[in-house]
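The values are calculated or read from the model by the stated rules, or taken from the named source; none is laboratory data. This is a predicted model, so every value here is computed, not measured. Every residue, glycine as well, gets a Cβ built from its backbone with ideal geometry; the counts of neighbours run over all protein chains shown.
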Amino acid sequence: MNRRSLMLSLAGTAASALTARTSVAQQGYPQRPLRVIVPFPPGGATDNNARVIARSMSQSLGQSIVIDNRTGANGRVGTEAVALAPADGYTLLVGGIGALTIAPHLEKVPYNPLKDFTPVSCLVTFDTVLIVHPSLPVTDVPSLIDYLQRKGKDTNYASSGPGGPYHMAGELFKTMANVEMTHVPYKGDGAAIVDLMGGTVQLMFTSTSAAVPHIRAGKVKLIASGGSQRTRVFPDVRTVSEQGVTGYALDSWGGLFGPAGLSPQVVQTLYGAVEKGTQDAALQESISLQGGTWIASKPVDFERFLRAEHEKWGKLIRVRDLKI
């Protein structure tokens, strides 16, 4: 399921969900502050967006929400902590594509992403871009494919880490465009972009928010949007799919989860608080500045989307025989 389909289907069902106020009246939840585990360091796009959304949810729920940055193992440490937490609605996770739909296919993880969590709502989707070193003699996806067909074995692409979404973006591109290039993993977008600007690597997929200042400074060259839709920051730049690799899309996302066994009443209360925030234009703009789009997905739709993502990336990893 691509981002456009996700957003249309989820937005269409959002209005029918119960509001937070109704669920609170039924259950008296929440009665104390909530803890939301973000399995990444402070200051990144996931953390920044989680804090914006948490502030909005706190107002709706009438309780404070504490962000707990539980980092390690590319998001898996914090994810496991929520899987082991009591299913009382007071410990939640902002989980994403990497730890929940990619990592389980690459290595043994201490949780089952489809059984150990209760999906509440997709929260945000992030724009993806394909950028290259300015010296690379390409201007668009067709010319990049032509270049890689001739010199792919000598071309390196960077990612923010092995097994992460932008590693998968590169492997998906290799498979769908029928080209080769060598993966060079880094510890985060920052280090990868530094080496791209220095010419150590020749291209990479990354988030729009990480790439924007370097694109505008002319230090890297933008040749495509990597998601199912064009990035809002550069709306004239076509997607990889629009440029000939039909169906290509890497839509990075983050969602709200509780431990398995979360009661339906608590789920609806939390979802109601998320949905209410999407109606605030100022909050939407704040998320947009981070390169994201805030959406609210009905829990059943989010669970369906999670399973589709799990299957999609599992298939790619098997086809490419990827290891980390």
## Note on the structure
Just one listed residue, out of P142, P213, P162, is in a loop (DSSP other than H, G, I, E, B) and outside the structural domain of I102 (by TED's automatic domain parsing), and it is P162
### Query
Within segment 245-253, is there a residue that is touching a Lys or Arg at 6+ places or on another chain (Cβ under 6 Å) and either outside the structural domain of A87 (by TED's automatic domain parsing) or over 22 Å from S135 (Cβ atoms) (or both)?
yes
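Here is a list: R320, R230. Which entry is farther than 27 Å from L84 by Cα, surrounded by fewer than 22 Cβ atoms within 10 Å (Cβ to Cβ) and touching a residue at least 24 places away in the same chain (Cβ under 8 Å)?
R320
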#### Entry: Search result, residues across segment 95-148 that are at pLDDT 95 or above, in contact with a strand residue (DSSP E or B) (Cβ under 8 Å, 6 or more places away or on another chain) and of a type in the set (V, I, T)
T118, V120, V129, I131, V132, V138, T139, V141
### Message
So the check is Cβ under 7 Å with 6+ separation or different chains; which pairs have a first residue in segment 158-172 that's touching a residue at least 60 places away in the same chain (Cβ under 8 Å) and a second one that's among the aliphatic types (A, V, I, L, M) and in a loop (DSSP other than H, G, I, E, B)?
### Response
P162/I324; G163/I324; P165/L250; M168/L250; A169/L250; E171/L322; L172/L250
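Criterion first (without any contact (Cβ under 8 Å) to a residue 60 or more places away in the chain, under 26 Å from E107 (Cα atoms) and surrounded by fewer than 24 Cβ atoms within 10 Å (Cβ to Cβ)) does V194 satisfy it?
No.
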